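Novice: This is the structure, below, for whatever I ask next.
The values are calculated or read from the model by the stated rules, or taken from the named source; none is laboratory data. Keep in mind the model is a prediction, meaning the values are calculated, not measured. FYI the Cβ positions are ideal-geometry reconstructions off the backbone, even for glycines, and counts take in every protein chain you see.
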Amino acid sequence: MVFDKIKRAFSDSASGEGFDDEYLEIDLGQEEKENKVLIKLFVLKDYDDVNEILNSLRQGYTIAIINITTLRKKDSIELKRAVSKIKKTTDALEGSIAGFGENTIIVAPSFARIDKDVSKPKEEKKSRWD
């Protein structure tokens, strides 16, 4: 009874029709994209290899580990251009970038941070007799 009154109150009085039995079905079992972090290795052989790296970074879930040995031996100017382009894109995506040794660059998206402080080994306490 109460539902009939509510139904009549919301029905279209001009057309005299009640509620239609139409409804919208929402599929809750839709495929969900996995938002797992992907750690991907890259080798920077040419300047053109930068585009593949940048595309992966723009997806937002990729941590890139880039080996720059080949391009470093080949052409240092191209290497500087490539690293500069990667750095600008990383800054635009609010990520972080760091060199690891002389031949590796690590790039992380905004949800991760690279700790650039090198921790020093703890000094052992020496006894006063040493």
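Novice: For the range 63-114, enumerate the residues that are part of a helix (DSSP H, G or I) and of a type in the set (S, T, N, Q). Working first, answer last.
Specialist: Start the filter on the range 63-114 by keeping residues that are part of a helix (DSSP H, G or I), which leaves 69-74, 76-92.
Within the range 63-114, THR69, THR70, SER76, SER84, THR89, THR90 qualify.
Novice: Taking the condition modelled with pLDDT of 90 or more and surrounded by 15 or more Cβ atoms within 10 Å (Cβ to Cβ), does ALA92 pass?
Specialist: Against the criterion (modelled with pLDDT of 90 or more and surrounded by 15 or more Cβ atoms within 10 Å (Cβ to Cβ)), ALA92 does not qualify.
Novice: Also, quick follow-up: Any idea which residue in the range 38-59 is surrounded by the most Cβ atoms within 10 Å (Cβ to Cβ), counting only those that are outside any helix (DSSP H, G or I) and under 12 Å from the mean Cα position of the chain (by Cα)?
Specialist: Within the range 38-59, the first condition is being outside any helix (DSSP H, G or I), and the residues that meet it are 38-46, 59.
Filter once more, keeping what is under 12 Å from the mean Cα position of the chain (by Cα): 38-40, 59.
Details: LEU38: 11, ILE39: 10, LYS40: 15, GLN59: 9.
For the range 38-59, the residue satisfying everything is LYS40.
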